[in-house]
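Asker: Please read through the structure below; I'll follow up with questions.
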Amino acid sequence: MDEKSIRDELRMWILDRAGAEADRLSGDDQPILDEGLLSSLDIVEFILFIESVREEEVDIEAIEPEVFDCIDTLIEAFFADAPSASEPQG
Amino acid sequence: MTSALELAPRLTKASRQKSWDAHTAFDWPASLEPDSDWYMSPELISIYGTEAFDALSETEQKRLSFYEIVNFFSFVLYGERPLISGLMNRMYRKNTDGPITEYLHHFVDEENKHMIMFGEFCNRYAGKIYPEKKLVFPREYAVGEEDVAFFCKVLIVEELGDFYNLKMMSDRTIAPLVAKINKVHHVDEARHLAFGRKILQELAEQHCASWTEEETTRFQAWLVNYLVSSWGDFYNPAVYKDAGISDGYKLRKMALANETCVAFRTEASSKLVDYFLETELLNERPQF
Ligand SMILES: [Fe+2]
Ligand SMILES: [Fe+2]
């Protein structure tokens with residue numbers, strides 16, 4: 001999955017979980033937790049979703065809570081290797 | 001009615017009489033055979049009663065029951081870790097000094113032994129403890145809410161765990177070692193539950209009436225959310241993967257939505273929910 005698709009997937013999951021309209025998360029630098037879109041209790045479910053997308057487990061002891069700030073920080077922490085949409089897929 | 005202060009010395013006495021040693025209580029077999037015995041009682045397996053479970057061969061079901069018991073012991077162990085630290089933080093306070101703190105020492109001691117017991121089983125036979133995927137972000141509390149929430153969490157992990165312990169401790173179809181671990185846990189938990197129910201009831205009576213409507217609504221929403229999401233621990237994609245089942249995440253989502261599984265969770269939670277309604281910590285039954 002390319003990076004753009006992952007960003008879309010993450011945004012859709014968060015909005016769906018929060019039962020929120022799209023404008024609550026229009027930018028990838030918009031805060032997720034401060035906006036009250038997700039709480040501590042949603043994070044477990046969110047991590048399992050992230051693991052299913054990247055097909056690899058998340059090492060919780062190796063991450064800081066700040067990675068859940070916004071979609072940009074999530075991409076950086078969990079999907080740094082995802083190809084950008086313009087790169088040829090092989 | 002007995003207060004927590006009156007109950008504590010009786011529990012302390014019982015803990016001393018029933019004391020056991022985590023390092024000598026079990027004869028640990030050199031290895032276990034995941035494919036040829038039942039470990040988690042079949043009807044307690046997370047996907048029991050679903051088409052996905054029926055589609056497995058008996059050998060595959062047994063293998064799944066092994067990883068399910070490792071998962072159960074793993075998340076109970078990880079539930080006991082913050083429980084111990086929370087209990088320790090509450091010792092020797094003005095409102096716990098004396099017999100309550102004396103009992104808290106036993107409570108902590110027993111939870112510490114449970115962690116040794118569960119950790120030994122998981123590491124010895126599965127070579128790992130399933131890691132928990134929880135992060136706790138700081139939040140604001142009303143007066144007394146942090147204590148109330150703490151003992152709610154304690155009661156949830158202990159009541160749900162005990163539902164499983166009770167079923168497995170007398171199940172002759174499962175590996176005797178697993179039945180024994182469940183039994184040993186249950187005997188200690190019976191005291192922890194008696195204490196937990198009492199102290200939480202007293203804390204609720206002391207604090208909840210002073211909360212604003214908004215604080216009460218926020219607390220109840222949190223409690224429902226916490227209780228419902230605690231069940232998520234039972235449906236671990238990593239367990240399904242280890243048991244050789246593909247797309248564990250999809251299986252988890254299926255089971256969380258499956259009618260038979262929902263009915264099971266509702267039934268297994270009923271004692272806990274009744275208690276929360278009686279103590280007015282909740283005002284309606286949650287949907288599982
Ligand atoms: Fe325990
Ligand atoms: Fe306990």
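The values are calculated or read from the model by the stated rules, or taken from the named source; none is laboratory data. These figures come from a predicted structure and were not determined experimentally. All Cβ positions, even for glycine, are placed from backbone atoms using ideal geometry, and neighbour counts span all protein chains on display. SASA here: full protein model, heavy atoms, side chains in, ligands and nucleic acids out. Shrake-Rupley method; radii C 1.70, N 1.55, O 1.52, S 1.80 Å.
Asker: With N set to the number of residues, divide the alpha-carbon radius of gyration of segment B:160-231 by 2.2 N^0.38 Å and report two decimals. If you can, show how the numbers build up before the last one.
Answerer: Details: Rg = 17.1 Å, N = 72, 2.2 N^0.38 = 11.2 Å.
Cα-based Rg divided by the globular estimate yields 1.53.
Asker: A follow-up question, please. With +1 on each Lys and Arg Cβ and -1 on each Asp and Glu Cβ, and nothing else charged, work out how big the dipole of the protein assembly as shown is about its Cα centre, in Debye to the nearest 20.
Answerer: Here the protein assembly as shown has a charge dipole of around 1780 debye.
Asker: How big is the C-alpha Rg of the protein assembly as shown next to the rule-of-thumb value 2.2 N^0.38 Å, as a ratio?
Answerer: Rounded to two decimals, the normalised Rg is 1.05.
Asker: Same structure again: At a 1.4 Å probe, what is the % contribution of carbon and sulfur to the accessible area of the protein assembly as shown?
Answerer: Numbers: 9060 of 18550 Å².
Ligands and nucleic acids excluded, carbon and sulfur reach 49 percent.
Asker: Indicate the gyration tensor shape class of chain B (rounded, prolate or oblate), computed on the Cα atoms with a ≥ b ≥ c the square roots of the eigenvalues: a/c under 1.5 is rounded; otherwise a/b larger than b/c is prolate and the rest oblate.
Answerer: Oblate.
Asker: Total Å² of accessible surface buried at the B-A contact, 1.4 Å probe, nearest 100?
Answerer: Between B and A, the summed buried area is about 1600 Å².
Asker: Roughly how much of B:Glu102 is accessible, in Å² to the nearest 10, using a 1.4 Å probe?
Answerer: Surface accessible to solvent at B:Glu102 totals approximately 80 Å².
Asker: Just tell me how shielded B:247-257 is by partners: mean number of partner chain Cβ atoms within 10 Å of each residue's Cβ, no decimals.
Answerer: Other-chain Cβ atoms within 10 Å of each residue's Cβ, averaged: 2.
Asker: List every residue whose amide H lies under 5 Å from the amide H of B:Trp38, counting only residues 5 or more places away in sequence or on a different chain, with H placed 1.01 Å from N in the peptide plane.
Answerer: Under 5 Å from the amide H of B:Trp38: B:Ala175.
Asker: Let me ask something else. Which whole-number value in Å² is the accessible area per residue of chain B, probe 1.4 Å?
Answerer: On a per-residue basis, 47 Å².
Asker: Would you work out the charge dipole size for segment B:1-98 about its Cα centre, treating the Cβ of every Lys and Arg as +1 and the Cβ of every Asp and Glu as -1, and quote it to the nearest 20 debye?
Answerer: 1120 debye
Asker: Give, rounded to the nearest 20 debye, the magnitude of the charge dipole that segment A:3-78 has about its Cα centre when Lys and Arg contribute +1 at Cβ and Asp and Glu contribute -1 at Cβ.
Answerer: 300 debye
Asker: Then there is this: Work out the mean other chain Cβ neighbour count within 10 Å for the residues of A:44-51 and drop it here as an integer.
Answerer: Mean partner-chain Cβ count within 10 Å for A:44-51: 5.
Asker: Another question, if that's okay. Hull surface divided by four, with the convex hull built on the Cα atoms of segment A:3-78: how many nm²?
Answerer: 4.6 nm²
Asker: Ok, one more. Given a 1.4 Å probe and heavy atoms of the protein chains only, how would you sort B:Val136, A:Val67, B:Val148, largest accessible area at the top?
Answerer: From most accessible down to least: B:Val136, A:Val67, B:Val148.
Asker: Let me ask another. Among the residues of segment B:97-139, which ones have their accessible area go down by 50 Å² or more when all the protein chains sit together, as opposed to their chain alone (1.4 Å probe)?
Answerer: B:Lys133, B:Leu135, B:Phe137
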